[in-house]
């Protein structure tokens, strides 16, 4: 199988590598000439066999909108566009409706795995027609982690379902990171009796009910900087947490833990704290998100 990939940033470039390593031919396009395989989107489309598949992996919002609009003018009936960025699920409805009159199909794919996905595989949450999802299974199988398919891939439902599931996934992620971070700050506060904070988190990695990959990443961050003194406790939010809360309000679903975690991120922009240093360190570990160095 041969697909096009638009956007070769931290995630896109690693996805291209994993796909190629697993037998999928990939032609990638990025505005960075050091990363791209072709010089333009028209050149990318011309390189693909029909029916064409183009995976879009660029920032959500206006950039994704512009790429899909350009692809609309280049692709033909029977071709397929996949949005694998962190788009809002309502954008999927608009993009599918935009492409439909030309007979261009659309799939939305929530992708989780961060900078480690190239080695470990990516968790995939996909929305779209069963026919198109089945056609793309060789691609999804190449990207997902090794092991049972159902443990790293799900066809959630129709268009929009994949990004909706990824939105909720990221809302949960916010809350989990905040819980670890608050535990870190509490342990750090009791220096009179707690002598090894990094060792405490490391000991939790096996046999305890709070073990997880996020915990492993926090241990990794503490190994690199035991006091997190080189990181400022300033944490951005990328949108999905807010959208999760908005959906919860719209559907009268109580999400107090997720809500508290995003408000904590707002607090981080007003004052430095050990807890928010831990959240910043975690985001850097799993996603390569920028951190502000401590002054």
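What residue among 140, 266, 184 has the largest mean-square fluctuation in a Gaussian network model of the chain, using Cα springs under 10 Å?
Its mean-square fluctuation being the largest, the pick is 266.
Can you put 263, 89 in order of Cβ neighbours within 10 angstrom, beginning with the fewest?
Values: 263 13, 89 20.
Placing the least packed residue first, the sequence is 263, 89.
To the nearest Å, what is the center-to-center distance of segment 214-230 and segment 46-117, using C-alpha atoms only?
36
Quick check: from the Cα gyration tensor, does segment 2-157 come out rounded (a/c under 1.5), prolate or oblate?
Working: a/c = 1.44, a/b = 1.15, b/c = 1.26.
Here segment 2-157 falls in the rounded category.
Test of understanding: in a Gaussian network model of the chain with alpha carbons linked when under 10 Å, which of 285, 132, 178 would top the mean-square fluctuation ranking?
132
Can you put 135, 265 in order of Cβ neighbours within 10 angstrom, beginning with the fewest? Before the final figure, lay out each step's value.
On the way: 135 16, 265 20.
With the sparsest Cβ surroundings first, the list reads 135, 265.
Mind ordering 19-28, 208-217 by average Cβ neighbours within 10 Å, highest first?
Details: 19-28: 16.4, 208-217: 14.2.
Per-residue Cβ counts within 10 Å, averaged per peptide and sorted highest first, yield 19-28, 208-217.
Sort 35-46, 109-120 for me by packing, meaning the mean count of neighbouring Cβ atoms within 10 Å per residue, highest on top. Can you show the working numbers first?
Details: 35-46: 15.4, 109-120: 20.2.
Taking the mean over residues of other Cβ atoms within 10 Å, the ranking is 109-120, 35-46.
Sort 57, 167 by Cβ crowding within 10 Å, fewest neighbours at the top. Walk me through the intermediate numbers first.
Working: 57 26, 167 23.
Listing 57, 167 from fewest to most nearby Cβ atoms yields 167, 57.
Running a GNM on the chain with Cα contacts under 10 Å, which residue among 157, 85, 241 ends up with the highest mean-square fluctuation?
Residue with maximal mean-square fluctuation among 157, 85, 241: 157.
At 0.890 mPa s and 25 °C, plugging the Kirkwood radius over alpha-carbon pairs of segment 184-260 into Stokes-Einstein gives what diffusion coefficient in µm²/s? Intermediate results must be reported in sequence, preceding the final value.
Numbers: Rh = 15.1 Å.
This corresponds to a translational diffusion coefficient of 163 µm²/s.
If contacts are Cα pairs under 8 angstrom and at least 6 residues apart, what is the relative contact order of the chain in percent?
Working: 513 pairs, mean separation 43.9, N = 295.
Over the chain, the number comes to 15 percent.
Since every read-out is calculated from the coordinates, none of them should be taken as a lab result. Just so it is clear, the structure is predicted and the values come from calculations on it, not from any experiment. Ideal geometry is used to build each Cβ from the backbone, glycine not excepted, and the neighbour counts take in all protein chains shown.
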